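The values are calculated or read from the model by the stated rules, or taken from the named source; none is laboratory data. Note that the structure is a prediction, hence the values are computed from the model and not measured. Quick reminder, even Gly has a Cβ in these numbers, built from the backbone with ideal geometry, and neighbours come from all protein chains shown.
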Amino acid sequence: MRLVFWGTSSFAVPALRALLGEGFDVVGVVTQPDRAVGRSRSTLVPSPVKSVALEDALPLFQPETPKDEAFLAQLHALAPELSVVVSYGHILGESLIALPMHGTINVHASLLPALRGAAPIQGAVRAGLAETGVTVMRMVKALDAGPIMLQARTPVARDETAGELEARLSELGALALIEALTLMSLGKLSETPQDDSKATFAPKILREMARVNWNESADAIGRHVRAYDPKPGAFTTHRGGDIKLFGAVVADAPAESRHAPGTVVSIDKRGMVITCGTGAVMIRCAQPAGGTRVEPEEWMRGRGIEVGERFGA
């Protein structure tokens, strides 16, 4: 079967590698254009998917938008029988979805209909779900609403970050994709409509969503910090600037209630303990504005933080 693979982020890489490893006929790879990074925005960096495509000398396409007419002509010329979409980053129109003979399938990082949208992994961690997984579905015009072809489940560890969960789900998604395509080739893959009444949503992450509300419980704040670890990083204010926080766990012993939420009550080699609306969290790593990640004890030695200071004040 002639496949076109659509993907951009590192989450898509295991799926592409799995297709190639299993001998599927990938006749084209579509990814987003190289993006500028760094403070000067002068260095262009390829997507992880592009790097794999170049390694394997696969036909590569990087349209600024999938609606580009020149790109569409090239895609038609490939005559794909199926499109596989994994974390591409653009919404595909109906004509693109229906272009291949067997349509388009997508690997989504949740157990649909739960957590439809752009940020299901962060949504699962933020919500404190005990279990999540991946769904292979047939793409339709509506967002993440197509029939389910196959699902694979996995528990979410108590203190797992979104980055750690993403790495596991990317591998699980690759295995699920190969299983689904194998069943499809044997004519044994059924499709089950989603129950829209049970749908929940995980929309694209906006900057303000990552701000820490210190009036929340220690458990909620821990989940919030882990949901945005490593990107974009949960943040709060400190000495007039923003600071990102990473590696949050509920502290063994809650800080004394006389401390206002957001107050640093201790710092040692394990991290810094900060009071919350109820309880306290330990933060194991911080990143001051314009700086790199630093352990709280080292940050304190450099006089960047002191016990008794209050975040978000």
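The number of residues in region 104-119 that are surrounded by fewer than 24 Cβ atoms within 10 Å (Cβ to Cβ) and within 14 Å of T154 (Cβ to Cβ) comes to 2. The residue of region 149-171 that is surrounded by the most Cβ atoms within 10 Å (Cβ to Cβ), among those that are closer than 28 Å to L183 by Cα and acidic (D, E), is E166.
Here is the figure for region 132-148: residues that are more than 16 Å from the chain's Cα centre (by Cα) and either among the charged types (D, E, K, R) or surrounded by fewer than 20 Cβ atoms within 10 Å (Cβ to Cβ) (or both) total 8.
Of all residues in region 44-67, those being loosely packed, with under 14 Cβ neighbours inside 10 Å and under 19 Å from L92 (Cα atoms) number 3.
Consider R158 carefully, then state whether it is assigned to a loop (DSSP other than H, G, I, E, B) and closer than 30 Å to A251 by Cβ. The answer is yes for R158.
For region 72-127, filtered to residues that are within 18 Å of the chain's Cα centre (by Cα) and closer than 14 Å to V140 by Cβ, the residue that is modelled with the lowest pLDDT is I91. In the condition set (1) out of contact with any strand residue (DSSP E or B) (no Cβ under 8 Å at 6 or more places or on another chain); (2) at pLDDT below 95, G241 is compliant with all but (1).
Residues in region 76-103 that are hydroxyl-bearing (S, T, Y) and in contact with a Leu (Cβ under 9 Å, 6 or more places away or on another chain) were compared, and the one that is nearest to A157 (Cα to Cα) is S83.
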